[in-house]
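The block underneath contains the structure these notes are about, expressed in structure tokens.
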Amino acid sequence: MPRIKSPHLLVAESGADRAGHGLKRTMGLFHLVCFGIGAIVGTGIFVGLSSSVAEAGPAVVVSFVLAAITCVFTAFSFAELGGAIPVSGSSYSFAYAGLGETTAFLVGWCLLLEYGVSVSAVAVGWSQYVNELLDSVLGIQLPQALSAGPGDGGAVNLPAVLVIAMAAVLLVRGVRESARATAAMAVVKLAVLVAFVAIGFTAFQDGNLSPFSPTGLAGIGAGTTAAFFSYIGFDAITTAGEEAKNPRRDIPVAILVCIGLVTLLYCAVALAAIGAIGGDRVGGTPAALSHVVDEVTGSAIGGGVVAFGAVVAIASVVLAVMYGQTRILLSMSRDGLVPRVFEKVSPRTATPVAGTLIVAVVFAIPAAFAPLDAVVNLCTIGTLAIMAAVNIAVIALRRREPGLDRTFRVPLYPVMPLLGVGFCLYLSYETGVTTWLQFAVFLVAGLLVYLLYGRRNSRLGRTAEVTPAGAEREPQAV
């Protein structure tokens, strides 16, 4: 049998009164929604929109809806498990409770792609809009050698390193400060995107939507895979399980509200951009939203405002995603699957200071030297694998723990989780053979790390498991 940790033990081990390891409950529903928006809305829409439009044309709206449907099916599963197991481990902890330790470790390994590598990708996109903002406001740009990595014609991407450093500083100061900053940045970027939609629709022309699907179903499918990157991060809400004031009620609500708001916003932005200047001119254009506003208004001022919104938006994604990564590593460290340095929480700030700084240094390196496109597909397939595992975990836990306190239940069970798995497999197929091969190598590497380090140091293999009634039993192990 696989090593499985019960949901009750996961919750018991995450108690805020654990000496030296406690996190403070300071986040309400508003902060969770802002945190979710902060984690989602950023590079995907400000930078990645042009790639999605290049694949699907005006039918990118359909691609966004299909990507949202994939997320909605899995969002229901995250909502159920986030309410039932309100801990900082998110999908890693859900997999531990539902599918066992080996799968949980590989899910945590894949989270290094979703939460970790995506930080690098997002930071690279941030530097593009920093240059756009400097050009609009001051008429200058940073030298290519200092604002792009070798793959993009430069030497080192210093703005990408800077935004990661700023996020790390804010995160180690405390979760309350981080939550406030995320909320403020979420409001700013939502206001900028709503303003963009209003400006874009003033120049809307029906003819720009024709032909609606120039590349057919194949283009829509490829566009859906590209658009999916725009939704990555919504599950980060569940990493706040130990810092939410009422996680069993607020986490499910925050997840579903975020997906709904973001989908409406993305579709509106895509229609406004394409309707204003046409899909051919949006697709493949760096900093596409600023370009659209410049053309519609005939002034660089509007584009500068959009660039400012993008700088704020993408910075908030870096902040939220780095938060999620450190909490995942904290949970894995508690279980002994990664070094103990990641579980150390500062008694003064109630944050994992050492873990945060390590994450910042490790992921600043690819941000400084790697191009954005090099990691997008690999990050996407890793995220889809995580989402598939969470859907399966819902089914496993319904059977193994029917009496678990669930404040939210997936509707139309088990149809919804099974559809979630199906959509994840379809989008994974669309990433292409090369990405599949890269992902296979990545998983093999993760399995070797687990066998050589994680399994040997796992605390579940050395401790007794606590049942809901408080009695002890030996953990399920191979």
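For the chain, what's the relative contact order in percent, using C-alpha pairs closer than 8 Å and at least 6 residues apart?
Across the chain, relative contact order equals 33 percent.
What nm value, rounded to one decimal, do you get for the distance between Leu29 and Arg459 when each label is placed 7 Å out toward the C-beta?
3.4 nm
Using the per-residue mean of other Cβ atoms lying within 10 Å as a proxy for protection, in what order, highest first, do the peptides 76-89, 401-414 fall?
76-89, 401-414
Could you order peptides 140-152, 214-226, 109-121 by the average number of other Cβ atoms within 10 Å of their residues, highest first?
109-121, 214-226, 140-152
Need one word for region 141-195: rounded, prolate or oblate. Basis is the Cα gyration tensor (sqrt eigenvalues a ≥ b ≥ c); a/c below 1.5 gives rounded, then a/b vs b/c decides.
The shape class here is oblate.
What number of lysine-lysine pairs in the chain show an alpha-carbon separation below 25 angstrom, given a sequence spacing of 8 or more or placement on distinct chains?
Lysine pair count for the chain: 6.
Sort 287-298, 31-42, 62-73, 193-204 by packing, meaning the average of other beta carbons within 10 Å per residue, with the highest value first.
Result, highest mean first: 31-42, 62-73, 287-298, 193-204.
How many nm separate the modelled label positions at Phe212 and Val441, each set 7 Å beyond the Cα in the direction of the Cβ?
Reported label-point gap for Phe212 and Val441 is 4.2 nm.
Any idea what % of Cα-Cα pairs in region 47-121 are farther than 16 Å?
Result: 65 percent of Cα pairs exceed 16 Å.
Report relative contact order for region 1-150 in percent, whole number only (criteria: Cα-Cα under 8 Å, sequence separation at least 6).
Reported as a whole number, the value is 31 percent.
Based on alpha-carbon centroids, what's the gap between region 148-181 and region 324-355 in Å, whole number please?
Region 148-181 and region 324-355 have Cα centres separated by 20 Å.
Sort out for me the Cα centre separation of region 192-270 from region 51-71, rounded to whole Å.
10 Å
Among Val390, Val61, Thr380, which residue has its Cα positioned farthest towards the positive end of the charge dipole of the chain, with +1 placed on the Cβ of Lys and Arg, -1 on the Cβ of Asp and Glu, and the dipole taken about the Cα centre?
Farthest along the dipole direction, towards plus: Val390.
How big is the equivalent ellipsoid of the chain along its three axes, where each semi-axis is √(5λ) from the Cα gyration tensor, reported in whole Å from largest to smallest?
Sorted largest first and rounded, they come to 37, 24, 20 Å.
Values in this text are rule-based calculations from the coordinates and carry no lab data. Because the structure is predicted, anything quoted here is derived from the model rather than measured. When we count neighbours, we look across all protein chains shown, and the Cβ atoms used for this are built from the backbone with ideal geometry, even at glycine.
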